[in-house]
Protein chains: 6
Amino acid sequence: MIEQTPVFRLSVDDHLMIAHSLPGEYFGAAQQLHGATLALTATFERQGLNEHGVVMDIGLAHQLLAAVLEPLRHQNLDEHTDFAEKISTTEVICHHIALQVAEALPQAHGLQAVEVAAEENPQARASVRLVLQ
Amino acid sequence: MIEQTPVFRLSVDDHLMIAHSLPGEYFGAAQQLHGATLALTATFERQGLNEHGVVMDIGLAHQLLAAVLEPLRHQNLDEHTDFAEKISTTEVICHHIALQVAEALPQAHGLQAVEVAAEENPQARASVRLVLQ
Amino acid sequence: MIEQTPVFRLSVDDHLMIAHSLPGEYFGAAQQLHGATLALTATFERQGLNEHGVVMDIGLAHQLLAAVLEPLRHQNLDEHTDFAEKISTTEVICHHIALQVAEALPQAHGLQAVEVAAEENPQARASVRLVLQ
Amino acid sequence: MIEQTPVFRLSVDDHLMIAHSLPGEYFGAAQQLHGATLALTATFERQGLNEHGVVMDIGLAHQLLAAVLEPLRHQNLDEHTDFAEKISTTEVICHHIALQVAEALPQAHGLQAVEVAAEENPQARASVRLVLQ
Amino acid sequence: MIEQTPVFRLSVDDHLMIAHSLPGEYFGAAQQLHGATLALTATFERQGLNEHGVVMDIGLAHQLLAAVLEPLRHQNLDEHTDFAEKISTTEVICHHIALQVAEALPQAHGLQAVEVAAEENPQARASVRLVLQ
Amino acid sequence: MIEQTPVFRLSVDDHLMIAHSLPGEYFGAAQQLHGATLALTATFERQGLNEHGVVMDIGLAHQLLAAVLEPLRHQNLDEHTDFAEKISTTEVICHHIALQVAEALPQAHGLQAVEVAAEENPQARASVRLVLQ
């Protein structure tokens, strides 16, 4: 038997080019001021589809992600107020973006989760999954 | 402690090149007749492996997906009977394909879920996950 | 000995989602109205770099490509005036885009070639190279 | 409401180039001695982050995976002791690697799952998810 | 001034999963019997387009490549007659495929070059370009 | 007629994560200190193959590229001596790497060109081609 109201996901991409450093011996050479292109994917998850047969408006999905990224584009995160008390690891940046995207969702979105993933180089990626309760 | 019978997944790819339009102001420019290449991935999920050490016969996985795609290849979905009462969004197309793949599975397949994902352009993807109960 | 003023290239990506049909038995099932996502790359080529150490302003490169694509986005090329007397194959679409991008280049660009490539599906690509004399 | 301690994932890539054959008519042409490049991704999953704001040390993640792959690189798995009683399908190879990576994790890693995925060709992938209890 | 009859290219993909070994200390660990998935691209190049507005029939391009690959699929190249006197490096395999594709072209193809490229692992590729005089 | 000694190419990948800023209004927001992951490909080109049937030793190709990248890894190029008098655009970084790779080639390499390409974000790439005379 196949379930009748399955889980759907919609993903949209954008990217960020930032400078930062990571504090402490734990991070080795990444303690030095360096940078990264973060190739980002935001994923929106919903049980069933809305009345238009989609997870959400794909244009809105792109806009929500872009709006959150705007104040971070071409920034040195070591001096950015949003990361003042934080270590700006790829995981923490994903979390920051996911929280802001989740908070910016319109009322009655019907979504059950938001994920943000970042490829920081061709051989490494991180992600976070926020369950919306 | 590591679980003894973990969940395995097998994914196979194919693609579809279709025309369609999406009705209503909600869809903006996509209300116009346009088209898409859908780069499709069907994923089969199973707890543990079958007696041959696989999720399922990979050749069969490719065939099941291709058989479902055959009547949709090079079609205008606005005039296709399978989408007569439906909005042919990427999400709905994924659902259509996933349902047909799930129904075409051989008896005693042992699978617990089928997923179908589609990349509709280099910056957007949708997917559906059907739990087989 | 290594040459002193080598050839540099800059590439930027965008995409197009169009409907079309291709006339004549030669095209088999593609005679039917169907569609495609064209994942596009425009490449600009120059011997040596400009005074800013680049092939050209990357923002301008993105804008030139986007401006050419704008009137084609979400269109049925069978009814588009730019393709009235043409077969809208991937090759012909690339040529159309490359010509328009080349003609829109600012004066004194210093470029020696413009290329446009399109991936029409995960297993096929076409491209054209315009030498600017 | 957004959950306070979400699930994070970190993925690192490596690859393996092996020969093998798969026994029995079930495998068709793959019964013959052939080979594969397995493009591998190991994913580490954790609820919340460690004191450094990461899932785990990314350098260690790369090392753990590489250490498990080392004895398999450029091998014929038909003659490799680790696969003596096994069918070396992509699924079984993923399982082998995931188990060894999981067992090599340092004490108090805080991880809740390890996944290993392998792309065996541009149109097929397999994976396994080990829940660490 | 923009040239009037530019060079066009059409590329199609396929893949091969083979075993082989490479003789001599020069090849290090690759002297051992191992294997590879070769993700292959055949590119056909032409000045101007044919009467159908394409470089060549894309279906024929796929068929020509597949026909050449057929006798190599799931083979151990160490025992394959086509590589009896040859070292089956990625470069040599590309050359073998390119020559056979070029020889199988129909009369009056109008092509000026055939290229074959192979990705042997996620971090290495080889290719050959045959000029057709 | 097919040429007898065609041109072969071998490509190997690596990457760099750097901080930098680009001076002058021309660069807009990139004037600010930011960063990038440069996904790099070095390509070696040769007419015909060496006595081992390859363009060059692939292990050496990886080593040459890695050796050139080593002093640039996790650096702020604004403070790096190699870029003291230079604007560290992607094009200039590619040129710097290509020149150093070319100069580090062993005697009698038989190569006719070295190319270095960098993807700076998912939608933009630059490259340089050094002809070795």
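The values are calculated or read from the model by the stated rules, or taken from the named source; none is laboratory data. Being a predicted model, the structure only gives us computed values, none of them experimental. So basically every Cβ, Gly included, is an ideal-geometry build from the backbone, and we count neighbours across all protein chains shown. SASA here: full protein model, heavy atoms, side chains in, ligands and nucleic acids out. Shrake-Rupley method; radii C 1.70, N 1.55, O 1.52, S 1.80 Å.
Worth pointing out:
- When residues in the stretch D:106-126 are screened for being under 14 Å from E:HIS15 (Cα atoms) and not in a strand (DSSP E or B), 2 of them pass.
- In this structure, B:GLU91 does satisfy being within 10 Å of another protein chain (Cβ to nearest Cβ), under 17 Å from the mean Cα position of the chain (by Cα), acidic (Asp, Glu) and part of a helix (DSSP H, G or I).
- Test for E:GLU85: is it among the acidic types (Asp, Glu), out of contact with any helix residue (DSSP H, G or I) (no Cβ under 8 Å at 6 or more places or on another chain) and in a loop (DSSP other than H, G, I, E, B): yes
Table: residues versus (1) touching a strand residue (DSSP E or B) at 6+ places or on another chain (Cβ under 9 Å); (2) not β-branched (Val, Ile, Thr).
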position: F:ASP57; (1), (2): no, yes
position: F:VAL68; (1), (2): yes, no
position: F:ARG73; (1), (2): yes, yes
position: F:ASP82; (1), (2): no, yes
position: F:LEU99; (1), (2): yes, yes
position: F:GLU115; (1), (2): yes, yes
position: F:ARG129; (1), (2): yes, yes
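- Exclusive hit being in contact with a helix residue (DSSP H, G or I) (Cβ under 8 Å, 6 or more places away or on another chain), of a type in the set (Val, Ile, Thr) and in contact (Cβ under 8 Å) with a residue 60 or more places away in the chain, set D:VAL101, D:VAL114: D:VAL114
- Flag if F:ILE58 is more than 28 Å from E:THR90 (Cβ to Cβ), β-branched (Val, Ile, Thr), buried (at least 16 other Cβ atoms within 10 Å of the Cβ) and away from chain A (no Cβ under 14 Å): no
- Taking the criterion of being more than 24 Å from F:GLU85 (Cβ to Cβ) and open to solvent by less than 10 Å² (accessible area, probe 1.4 Å), the residues of the stretch F:1-21 that qualify are F:PRO6, F:PHE8, F:LEU10, F:VAL12.
- Applying the criterion of being buried (at least 17 other Cβ atoms within 10 Å of the Cβ) and among the β-branched types (Val, Ile, Thr) to the residues of the stretch B:106-133, the residue that is nearest to the other protein chains (Cβ to nearest Cβ) is B:VAL128.
- Scanning the stretch D:22-55 for residues that are part of a loop (DSSP other than H, G, I, E, B), open to solvent by less than 30 Å² (accessible area, probe 1.4 Å) and within 13 Å of chain E (Cβ to nearest Cβ) gives a single hit, D:LEU22.
- Taking each residue of the stretch A:63-74 that is facing chain F (nearest Cβ under 10 Å) and looking for partners that are assigned to a helix (DSSP H, G or I) with beta-carbon atoms closer than 6 Å, six or more apart or interchain, yields A:HIS74/F:ALA29; A:HIS74/F:ALA30.
- Restricting attention to the stretch A:65-105 and to residues that are farther than 24 Å from A:PHE44 by Cβ and among the acidic types (Asp, Glu), the residue that is most open to solvent (accessible area, probe 1.4 Å) turns out to be A:GLU85.
- Test result for E:HIS62, under 13 Å from the mean Cα position of the chain (by Cα) and part of a helix (DSSP H, G or I): yes
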